[in-house]
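Written out below as structure tokens is the structure these notes cover.
The values are calculated or read from the model by the stated rules, or taken from the named source; none is laboratory data. Nothing here was measured: the structure is a model prediction, and the numbers come from that model. Virtual Cβ from ideal backbone geometry, glycine too; neighbours counted across all protein chains shown. Accessible surface is based on the protein model in full, side chains and every heavy atom, while ligands, DNA and RNA are left aside. Shrake-Rupley method; radii C 1.70, N 1.55, O 1.52, S 1.80 Å.
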Amino acid sequence: REKEDVGKEEEVKKKDRKKDTKKDKDKEREKEKVDEDAVEDKEKADTPAKLDSPLSDLKKKGSKCEVYSDGDWWQARVLKARDDEVMVHYKGAPNDDDEWVPLTEERIRPPSDDWDTPIKSVIGEEIEVKHGEKGKKGGKWMLATVIEIDKNDPANVRIKVTFSGVSGAPLNDEWIP
């Protein structure tokens, strides 16, 4: 009888060890799943926006957007798209400033709510204007004063500026779209 009790005890201990081993394996599998989920989340966070994001709407010609460039967000329109990038034209800038921008959340975003709100300038206001020769890429940001406002076409209000504090040869006044 004692042998039977010892034998049953051994069986119970074996079953308990199997249960403990199974529990350990389940815990390990769960930990691996959590680690995999964490890696997957990190990969998603590190991956540029995919085409199923709100940025995919920006692949349509004429779409309004804002692009981060030169330390600020600028209004632009999409001219064309290829793969995961779009050619944009910056509102009010010369065509030679058009550029290909990757569809990542770091450089491009949907337009803000006030994108269509006209910029209101007043005569005498000092503003910064990118000045450069027509047809040439680049240009230099310069301080200018608004001297005239053309509102004949409400969809395309233009302002005329004169450049302030320019040493050397004076610059011509310039119409800004």
(Q) Given the criteria at pLDDT 70 or above, open to solvent by 50 Å² or more (accessible area, probe 1.4 Å) and farther than 23 Å from Trp73 by Cβ, does Lys130 qualify? (A) no
Q) For the range 71-91, which residues satisfy the criterion of being over 20 Å from Asp113 (Cα atoms) and either touching a strand residue (DSSP E or B) at 6+ places or on another chain (Cβ under 8 Å) or part of a strand (DSSP E or B) (or both)? A) Leu79, Lys80, Ala81, Arg82, Asp84, Glu85, Val86, Met87
Q.
Please go through the range 56-92 and give me each residue that is closer than 30 Å to Ile176 by Cα and either open to solvent by 100 Å² or more (accessible area, probe 1.4 Å) or at pLDDT below 75 (or both), ordered by number.
A. Lys60, Lys61, Asp70, Lys80, Lys91
(Q) Based on this model, can you work out whether Val101 counts as in a strand (DSSP E or B), modelled with pLDDT of 85 or more and under 27 Å from the mean Cα position of the chain (by Cα)? (A) yes
